[in-house]
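The values are calculated or read from the model by the stated rules, or taken from the named source; none is laboratory data. Just so you know, these numbers come straight off a predicted model, no measurement behind them. FYI the Cβ positions are ideal-geometry reconstructions off the backbone, even for glycines, and counts take in every protein chain you see.
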Amino acid sequence: MMEKYSTNPLTTSPHYRPDIDGLRAVAVLLVVGFHAFPEWLKGGFIGVDIFFVISGFLISRIILTDITRQHFSFRTFYTKRIKRIFPALIVVLSACFGVGWFILLPDEFKELGKHIAGGAGFVANLVLWSESGYFDNQAELKPLLHLWSLGIEEQFYFVWPVVLIIATKKRYNLLWLMLAFILASFVFNIRSVHTDPISDFYSPFTRFWELMAGSLLAYLSVLPGQSHRPLSPTEGRGDKNNKRSYASLLKNTAAFIGGLCIAIAVFYLDKTKAFPGWWAILPVLGATLLIFAGTTAWFNKKLLAHPALVFIGLISFPLYLWHWPLLSFARIMVLGTPTLALRLSLVAASIFLAWLTYRIVEQPIRFGANTHHKTTGLCVLLTLLLAVGYSTQTANGFAFRMQDKVDYSEFFAGLNYTHSHHLVALEHHECNFYDIEKSTPRAEIDSRCYTPHSKNVVFLWGDSHMQHLNYGLTHNLPTDVSLLQAGASGCPPTTQRLNPDPLQTCNKANQFILEKIQQLKPKVVILAQQKNHENNDYDKTILHLKAAGVAHIILVGPVPQWQPFLYKIMLRQHWMDYPQRMNTHLDKAVLHTDTLLHAKYNNSKEVRYVSLINPLCDKHGCITYLNNDRKEGLITYDYGHFTLVASDFVAKTILMPVIRGFI
C-alpha cells in the first residue's frame, strides 16, 4: 500500500524530504499515544510542538522561495492552503456533528456546535481560551478540543506571509526581524506560563515562536547569495573530502542531539510540568535540529525516512483530526476511560479513517484539476459548517432531539443549578477570591466574611468544597456562633506557597486568611478541599494554626466524587431506575485519599479528621439521592459539589455532632 504514494506529486518533487514526513509521523504518533494511553506516554503532548516547527519550516520555505524568485502570489498560497486543510477538516467536522446529533445531551451538543463554528473559523484556540474557567467541562469530553493547534497554525498563516512581503518591500533585515519575533513571543510565553497558564497554552502570541523556529531555519536554507564558491584547482581532493566529512559529522551530530531532545521531553515531561514555558525548548530545538540535519544524516535517512513512518506522515493530518473525536465520543458514551482494548481499536480505526480520507478526499481534491471550482466549493462547505455550528449553539443544542431528558439536563447543566438556587448568595461566594461568574480573580473579598458578630467563631478555610458546606452549617449552627469564611475556588488551604498558582488567587487568598486567623483566633477552624489532600502539608498548617491560638481544628475529608457528573450518569445509564446508591463511576483516587487521611489523623490530638466517605458510602455504594425528588434530591449537582439538600444533610448528621463538642 505504501508504494502507491510514490505517485503523489509532492513525494516525487525534487524538494521532497521523506524524513520530514517521518518526523510528522513521530509527532502525530506521540499525540495519539498521549491521548489514547496517557498512562504510558505522559509526555506525548509535545508532538504538537514538533508539528509547529515543521509547519513553520515548510510554509516559510515555500513563501521565501517564491519571494526570492519574485513570483509569490497570495491567491496561489491560500488556494494551496485551502486544498490542503479544508477537505479533511470538513469531513471530520461533519462526522462529529452527525454523531453528536444522536448521542450528545443538549448542553453537550450546544458546546459541540460552538466548537464546530470555532474550528471552521480557525479560532478554536480562542474559543477554548474564552470558555476556560473553574467550571469548564473536562477536556476529555470535548470532541474538537484538539483543533486549538490548527487555529494557531492558521492564524500564523494569515499573518506571516503579509509580514514577509512588507519586510521584503521595505528591505528590512529578515534575519533580525525573525529573531526579534522569536524573542518577543518566547518572552510572552515565559511570563505567562505561571501567571496565566491558560492563555500561555492557547494564545497565538505565546506559541508563534515555535513556528518561527522553523521559519528561521527555512530562511537560512533559502538565503540568497549563500552558495558556496567552487574549489580552485589548487585545492586538493583531500580538502573536499574533509569538508564533506565535517558536514556529515555536523549533520549526524545535529540529528542525534535533536532526537535526544525529543526523547528527553517525551519521557521526562508530564501534565505536572509548567508547559509550554522553558520546557518547550526541548521539542522545538529537537525538531529544528532534525530538520536541519537533512536527508543525509543517518538518523533521518535510516529511521525517519523509513517507509512505514513516511506512510504515517503522509496521513498525519487526517489522523490528527480523527483520533481525538473517536476517543472523546467513546469517553462520553462509556462515562469514563474506555478499556485498553477499546482504545487500541479506536486508534486502529483512526488510522484507517485517516488513510481513507487521504486517498478518497484529500488526494483527488488537492492534486486534481478544476482548482478554482474546488476551492470555491470547499470555502462554501466550510462556511456552511460554521453556520450550522453557530445555529446549534444558539438553538441550545436542538433540545427537541431528546425532549424527555431536556428538563432534567437543563436543571443541572452549566451554571443553571448555581443560578436557580442562588448558590452565589447562599454559599457566600462574596468570600471567594475567585469570581466564579466572571471567571476572574478578585482583588479583595467582602469584609463581612471575616468580621464576627460574636466571640464564638467558626472559620471555614478552603476551596469550593469548603464553600458548599456553608449553607448547611449556617442553618444548623447556634445563632450565637459567628460562621466566617474565606478561600478561593481551586485553592487548597495551606501555608505552602503554590507554584504554579493557576487561577492567580491561591497564594494571595491563603496569606490573607492566615493573617485574619492570627488576628481573630477563632475557636474552630474547618479545613476542606476537593482532592489530593495527601499532597498538602497539613502537619505544617496545623502547627501554624495552633501557634496562632486556634483551639480546635477540623479536617474534612473528600466527598464522594463521580466521573463524569452524577446527573449525566443518571441520564445515560439510570434514566428509568434512579438508584439510591451506586458503586460505579466513583473516583477511586478520592476513596484512597480518605483511607490515607483516616489512618494518619484518626488518633491525632491536634486535629479532628471527619470522613465524609464512611457515612455516605457502604458496601452497596455511595448515596446518590437523599429523597425521592429526582432533581432536588440528587446529592451533587456536578461531579461532587453538594446540592443544598445535601449540604444541610451533611452539616446536620456529620459535622454538627463534632462541632458541638468544641463550641
Practice item. Tally the residues that are under 23 Å from SER221 (Cα atoms) and either in contact with a strand residue (DSSP E or B) (Cβ under 8 Å, 6 or more places away or on another chain) or without any contact (Cβ under 8 Å) to a residue 40 or more places away in the chain (or both), restricting the search to the stretch 261-274. Key: 1
Check your understanding: In the stretch 23-79, which residue that is of a type in the set (Lys, Arg) and over 18 Å from the mean Cα position of the chain (by Cα) is farthest from GLY294 (Cα to Cα)?
Key -> ARG75
Study note, to complete from the structure: Residue hits (the stretch 613-663; within 29 Å of MET576 (Cβ to Cβ) and of a type in the set (A, V, I, L, M)) are ILE613, LEU616, ILE623, LEU626, LEU634, ILE635, LEU644, VAL645, ALA646, VAL650
Exercise for review: Would you confirm whether any residue within the stretch 547-557 is at positive phi and more than 26 Å from the chain's Cα centre (by Cα)?
Suggested key: yes
Exercise for review: Please work out which one of (1) touching a residue at least 12 places away in the same chain (Cβ under 8 Å); (2) outside any helix (DSSP H, G or I); (3) touching a helix residue (DSSP H, G or I) at 6+ places or on another chain (Cβ under 8 Å); (4) more than 30 Å from ILE623 (Cα to Cα) is the condition LEU503 fails and give its number.
Suggested key: (3)
Check your understanding: Is it the case that SER316 is more than 26 Å from ALA27 (Cα to Cα) and touching a helix residue (DSSP H, G or I) at 6+ places or on another chain (Cβ under 9 Å)?
Key -> no
Point to revise | Residue ranges of helices (runs of 4 or more DSSP H) in the stretch 587-650 with at least 3 members over 21 Å from TYR471 (Cβ atoms) and at pLDDT 95 or above | key: 588-601
Exercise for review: Determine the pairs where a residue that is touching a residue at least 60 places away in the same chain (Cβ under 8 Å), located within the stretch 562-583, has a partner that is of a type in the set (Asp, Glu) with Cβ atoms under 8 Å apart, the partner being 6 or more residues away or on another chain.
Suggested key: TRP562/ASP587; GLN563/ASP587; PHE565/ASP638; LEU566/ASP638; TYR567/ASP638
Practice item. With the condition kept exactly as written, say whether any residue in the stretch 388-395 is under 25 Å from the mean Cα position of the chain (by Cα) and of a type in the set (Gly, Ala, Ser). Key: yes
Check your understanding: In this structure, does VAL457 turn out to be assigned to a helix (DSSP H, G or I), touching a helix residue (DSSP H, G or I) at 6+ places or on another chain (Cβ under 7 Å) and not charged (D, E, K, R)?
Key -> no
Practice item. Could you run through the stretch 27-77 and say how many residues are in contact with a Ser or Thr (Cβ under 6 Å, 6 or more places away or on another chain) and over 20 Å from LEU344 (Cβ atoms)? Key: 5
Exercise for review: Please find, within the stretch 22-66, the residue that is nearest to ARG207 (Cα to Cα) out of those that are surrounded by 24 or more Cβ atoms within 10 Å (Cβ to Cβ) and charged (D, E, K, R).
Suggested key: ASP49
Review point. Of (1) surrounded by 12 or more Cβ atoms within 10 Å (Cβ to Cβ); (2) more than 24 Å from the chain's Cα centre (by Cα); (3) at pLDDT below 85, TYR219 satisfies all except one. Which?
Key: (3)
Practice item. Mind listing just one residue for me: the one in the stretch 253-274 that is of a type in the set (A, V, I, L, M, F, W, C) and crowded, with 22+ Cβ neighbours inside 10 Å and, of those, nearest to PRO500 (Cα to Cα)? Key: ALA265
Revision key, fill the gap. All-but-one check, GLN138 against (1) at pLDDT below 95; (2) out of contact with any helix residue (DSSP H, G or I) (no Cβ under 9 Å at 6 or more places or on another chain), failing number (2)
Check your understanding: Taking the condition among the hydroxyl-bearing types (Ser, Thr, Tyr) and surrounded by fewer than 19 Cβ atoms within 10 Å (Cβ to Cβ), does SER130 pass?
Key -> yes
Study note, to complete from the structure: For the stretch 332-348, the count of residues that are over 11 Å from ALA36 (Cβ atoms) and touching a helix residue (DSSP H, G or I) at 6+ places or on another chain (Cβ under 8 Å) equals 4
Practice item. Please specify each residue of the stretch 478-498 satisfying the condition of being in contact (Cβ under 8 Å) with a residue 40 or more places away in the chain, under 19 Å from LYS540 (Cα atoms) and either hydrophobic (A, V, I, L, M, F, W, C) or outside any loop (DSSP other than H, G, I, E, B) (or both). Key: GLY487, CYS491
**Study point:** Which listed residue, of PHE275, PHE292, PHE311, PHE317, is among the hydrophobic types (A, V, I, L, M, F, W, C) and either modelled with pLDDT under 95 or outside the structural domain of HIS35 (by TED's automatic domain parsing) (or both)
**Key:** PHE275
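Yes/no per residue for (1) among the hydrophobic types (A, V, I, L, M, F, W, C); (2) under 30 Å from the mean Cα position of the chain (by Cα):
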residue: LYS605; (1), (2): no, no
residue: VAL610; (1), (2): yes, no
residue: PRO615; (1), (2): no, no
residue: THR624; (1), (2): no, yes
residue: ASN628; (1), (2): no, no
Review point. Quick one: is THR624 of a type in the set (Val, Ile, Thr), within 21 Å of ILE332 (Cβ to Cβ) and crowded, with 19+ Cβ neighbours inside 10 Å?
Key: yes
Review point. Does PHE208 satisfy being under 22 Å from TYR320 (Cβ atoms) and surrounded by 15 or more Cβ atoms within 10 Å (Cβ to Cβ)?
Key: yes
Exercise for review: Can you confirm whether the stretch 158-170 contains a residue that is surrounded by 21 or more Cβ atoms within 10 Å (Cβ to Cβ) and in the same structural domain as PHE205 (by TED's automatic domain parsing)?
Suggested key: yes
Check your understanding: On the given criteria, is VAL481 among the aliphatic types (A, V, I, L, M), touching a Leu at 6+ places or on another chain (Cβ under 6 Å) and within 16 Å of MET656 (Cβ to Cβ)?
Key -> no
Review point. Looking at the stretch 445-462, which of the residues that are touching a Ser or Thr at 6+ places or on another chain (Cβ under 6 Å) and either touching a residue at least 40 places away in the same chain (Cβ under 8 Å) or closer than 16 Å to VAL525 by Cα (or both) is surrounded by the fewest Cβ atoms within 10 Å (Cβ to Cβ)?
Key: SER454
